[in-house]
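A.B. asks: Got a structure here, written out as structure tokens. Questions coming.
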Amino acid sequence: MQRFRVEPVVRRKTQAYHESASTESERTKRAAPPPRVRERPGRTFLRTVGDVFVSVTRRSALALAASLALALRPGLSERALASALAASEDHWGSPEPFRPALVRERAQALAAAPYAPPVETLPESLAGLDYDQYRDIRFRPESAIWAGTPSPFQLQAFHLGFGYREPVALNVVEGGAARRLIFDPAMFSYGPLVENPPSVIEDLGFSGFRIHARVNSEDYLDEFAVFQGASYFRAVARGQVYGLSARGLAIATAEPTGEEFPTFREFWIETPADDADTIVVHALLDSPSTTGAYRFGLRPGASTVTEVEAVLYPRVDVATVGIAPLTSMFYFAGHDRVGIDDFRGAVHDSEGLLMWNGEGEWLWRPILNPDTLQISSFLDSKPHGFGLMQRERDFRVYQDLEADYHRRPSLWVEPIGDWGAGAVTLVEIPTDAEVHDNIVAFWRPRMPLAAGVPLRLAYRLHWRGEPPVEHGLAKVRRTLVGLSEVGRPQRERDKRVFVIDFAGEGLVELGAAPITTQASASAGLLSPPVVKIEPEVGGVRVSLELDPQGAAVSELRCALVRDGAVVSETWLYRWLSA
């Protein structure tokens, strides 16, 4: 039994898939010859230029005739053909009444029955795709839901295959009715790496979907949100690129028994009004331990906000639940790069955990890539918020022209209502490459989920640079760590030096009272802090020297104080011996 699970490579690699698919250039337009036709009972199969697979049932052939005739006129592109077929009734199931309570009723009924894992029916030709082959399958933008309408949003589905083998059902809601979107290969383009693409309409389902909106300009619909894989989803704000992810729920993360990954089985996406700034997504979650009904309200912009409402229906008692889980990557930075041989100065999607606890204290904990699994619990009651932050926005620190780490979003969780007692939990998993998500943060309630007792949750997710709340304190801008006792041979140096840069208005003022510190270490001997006002760092630099004195771990803490009051975030750090 595995002790813990490093998040799969799929998440990071599919970022490239999303970006390449959303920027696919239009093919050269050319005259389309008459299609070749093959007959099978109940279906007509067509193939046109460029390996565009088209399939319709007999009942819709007449309804599509006019559109096909127009699309196949000489001089029109295969894009027009795919667009015409996208409107086919073959792509939609029968209308069924829908109301938000229906998802809760489905989840509650599902929880009353034993867990049944989804049946994988994916053909081997798709299940066996490697990363490059999967990336060669792209959704056709002209087939997007609401394409060609005044809608401010468009929806594109993801193909099954590669690491995504469990089908997800997608439904579009309009006028109180939901219709299921049925898979059709005509929705996708299959590149030359895909040797045996599907060629018939089968209700295979999808692996997820992405949403486009006018985020960066008024004349282009940018991809800003993705739901794909288990209960993962992520988003970006204006000017950002994909980085960390959120999840619907985490269970038994880093536990010896192995992690359980709840999965969104079905989605219902409400058709937005033409003047809407928010798109609403409903989701049904299922796992061996619990089911859940979720409602997401996504509002893109300079700060993209996701409003989350959920009801969980536990099948069993769950003590190791993680509420509002965030998943990210930290490989190395200036405060943790032992053994790293890399031209870049930092590689991470997130560099620190920021918390605003129920006592009103703001805590900053730099993230680590440890040699062994680390789990930290920050006990709290009625938390105001927490998040994984990407504060460093200077490209010169990263020097990565492809990954754009300086443009990755931070993600802040804003609880709605009283979350009671529990702990913000940080999980740091060792990794030797940046392709693995190795950081998880979530809220763990003090009381376990009780079987048969629903739990209602509500919170906001803010995808942006900094939290939406200005605390007025000096912020931790940088942490640097290394050996102390400069001048001595490295093998003889045991003490560690921790350099913390604080920045904020009012720190450097003529005639102001001097700044001191509150600093402590749980183990070892901490020398008196050295405090310097440094214009070069835009504020105050504090240097701490720790003599471990044989300790294997020491929890460090430091805050700036002026006139007896804390005037900065409180810096926390877990030092681990090599």
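A.B. asks: Test of the criteria: in the stretch 276-350, which chymotrypsin sites (Phe, Trp or Tyr not before Pro) are in a DSSP loop and have at most 10 other Cβ atoms within 10 angstrom of their Cβ?
C.D. replies: Loop-located and lightly packed - 343.
A.B. asks: Return a whole-number percent for the relative contact order of the stretch 119-238, with Cα pairs under 8 Å and 6 or more residues apart as the contact set.
C.D. replies: It rounds to 26 percent for the stretch 119-238.
A.B. asks: Quick check: residue separation of residue 565 and residue 447 times 0.36 nm, minus the Cα distance between them. What number comes out in nm?
C.D. replies: 39.0 nm
A.B. asks: So which trypsin sites (Lys or Arg not before Pro) in the stretch 362-466 pass both tests, a DSSP loop state and at most 14 other Cβ atoms within 10 Å of the Cβ?
C.D. replies: 393, 446
A.B. asks: Of the accessible area of the stretch 233-349, with the probe set at 1.4 angstrom, what percent is carbon plus sulfur?
C.D. replies: That fraction is 48 percent.
A.B. asks: With the Cα gyration tensor of the stretch 355-435 giving a ≥ b ≥ c as the square roots of its eigenvalues, does the rule (a/c under 1.5 for rounded; else a/b larger than b/c for prolate; else oblate) give rounded, prolate or oblate?
C.D. replies: Because a/c hits 1.5 or more and a/b fails to exceed b/c, the stretch 355-435 counts as oblate.
A.B. asks: Hey, can you find the accessible area per residue of the stretch 251-323 for me, probe 1.4 Å, expressed in square angstrom?
C.D. replies: I get 28 Å² per residue for the stretch 251-323.
A.B. asks: Alpha carbon centre of the stretch 261-279 versus the stretch 373-440: separation in Å?
C.D. replies: 25
A.B. asks: Can you tell me the length gained on complete extension of the stretch residue 402 to residue 92, counting 0.36 nm per residue apart and subtracting the Cα distance?
C.D. replies: Net length gain for the segment: 107.7 nm.
A.B. asks: Let me ask another. Note down the nm distance, to one decimal, between modelled labels 7 Å out along Cα→Cβ at residue 391 and at residue 120.
C.D. replies: With each label placed 7 Å out from Cα toward Cβ, I get 4.3 nm.
A.B. asks: Still on this structure, I have one more. Quick check for me: using +1 on Lys/Arg Cβ and -1 on Asp/Glu Cβ, what's the dipole size of the stretch 206-295 about its Cα centre, in debye to the nearest 20?
C.D. replies: Charge dipole, the stretch 206-295, about its Cα centre: 220 debye, nearest 20.
A.B. asks: So if we plug the beta-carbon distance of residue 165 and residue 470 into 1/(1 + (r/R0)^6) with R0 = 60 Å, what FRET efficiency do we get, rounded to 0.05? Mind showing how you got there, number by number?
C.D. replies: Working: r = 45 Å, r/R0 = 0.75.
Result of the calculation: an efficiency of 0.85.
A.B. asks: Here's a follow-up. Could you calculate the FRET efficiency of residue 316 with residue 276 from 1/(1 + (r/R0)^6), where r is the beta carbon distance between them and R0 is 35 Å, rounded to 0.05?
C.D. replies: 0.35
A.B. asks: If you filter the stretch 502-578 for GluC sites (Glu not before Pro), then keep DSSP loop positions with at most 13 other Cβ within 10 Å, what is left?
C.D. replies: Those satisfying the criteria are 505, 509.
A.B. asks: May I ask for the Kirkwood hydrodynamic radius of the stretch 102-142, worked out over all distinct Cα pairs and given in angstroms to one decimal?
C.D. replies: On the way: mean 1/r = 0.0721 Å⁻¹.
Kirkwood hydrodynamic radius for the stretch 102-142: 13.9 Å.
A.B. asks: Further question on the same structure: Compute the FRET efficiency between residue 513 and residue 416 as 1/(1 + (r/R0)^6), taking r as their Cβ-Cβ distance and R0 = 51 Å, and round to the nearest 0.05.
C.D. replies: 0.85
A.B. asks: Any idea how far apart residue 520 and residue 483 come out in nm if each label point goes 7 Å out from Cα toward Cβ?
C.D. replies: The modelled label-to-label distance comes out at 3.1 nm.
A.B. asks: Sticking with this one: I'd like to check one number: the per residue accessible area of the stretch 396-547, probe 1.4 Å, reported in Å² as a whole number.
C.D. replies: 50
A.B. asks: Need the full-extension length gain, residue 342 to residue 432, defined as separation in residues times 0.36 nm minus the C-alpha distance. One decimal, nm.
C.D. replies: Values: separation 90, 0.36 × 90 = 32.40 nm, distance 1.21 nm.
Additional length available on full extension: 31.2 nm.
The values are calculated or read from the model by the stated rules, or taken from the named source; none is laboratory data. All figures in this text were calculated on a predicted structure; none of them were measured in a lab. Note that we place each Cβ from the backbone using ideal geometry, even for glycine, and neighbour counts take in every protein chain shown. Only protein heavy atoms, including side chains, enter the accessible area calculation; ligands, DNA and RNA are left aside. Shrake-Rupley method; radii C 1.70, N 1.55, O 1.52, S 1.80 Å.
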